[in-house]
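Data block below; observations after.
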Amino acid sequence: MSSLSMSSDGSSFVLALTDDAKFNWSFTQKDQAPQEFGGTYTVESNVLALERKDGGALVGEITPGDAGKFNFRMLGADDADKGLDFEK
C-alpha cells in the first residue's frame, strides 16, 4: 500500500492506494468535520480514475514530480486550478 498526503490553506488530504486497485481518500477542510470514501482505482497513461463504492468518481491528470510526489488535477478543471500536490 502507498499512502500520500498533502495540506494547503488549513485543509488536508490523504490518498491510500493498494496493490489490488483499491483506494481510500480522506480529507478535512478547514473548520469542517473529516470525511472519507473509498473504492477502486485505475491508471491509464497519466490519468487516475478513483471510482467510489457509493457511486461517482474523481478523474484527474497526474503529473509526476520528485521521487514520491505527484500532482493530481481534475480533468476539465479551470486553468487557474493548480491541483493537489501529494507526497509520500
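Taking the Cβ of residue 58 as the center, what net charge do the other residues with Cβ under 15 Å away carry, scoring Lys and Arg +1 and Asp and Glu -1?
Numbers: positive: 22, 52, 53, 73; negative: 36, 44, 51, 54, 61, 81.
Here the count lands on -2.
Net charge near residue 6, counting Lys/Arg +1 and Asp/Glu -1 over other residues with Cβ under 12 Å of its Cβ? All intermediate terms of the calculation are to be shown ahead of the outcome.
Numbers: positive: 69, 82, 88; negative: 9, 85, 87.
Here the charged neighbours net out to 0.
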Added length on full extension, which subtracts the Cα-Cα distance from 0.36 nm per residue, residue 16 to residue 69: 17.7 nm
In the set (1) 19.2, 64; (2) 13.2, 39; (3) 12.6, 36, which value of Rg and Dmax of the Cα atoms in Å was calculated from the structure you see? (3)
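Quick note: the coordinates plus some simple rules give every number you see, no bench work behind them. A quick note: this is a predicted structure, and the numbers were derived from the prediction, not measured. Here Cβ is always computed from backbone atoms with ideal geometry, including for glycine, and neighbour counts include all displayed protein chains.
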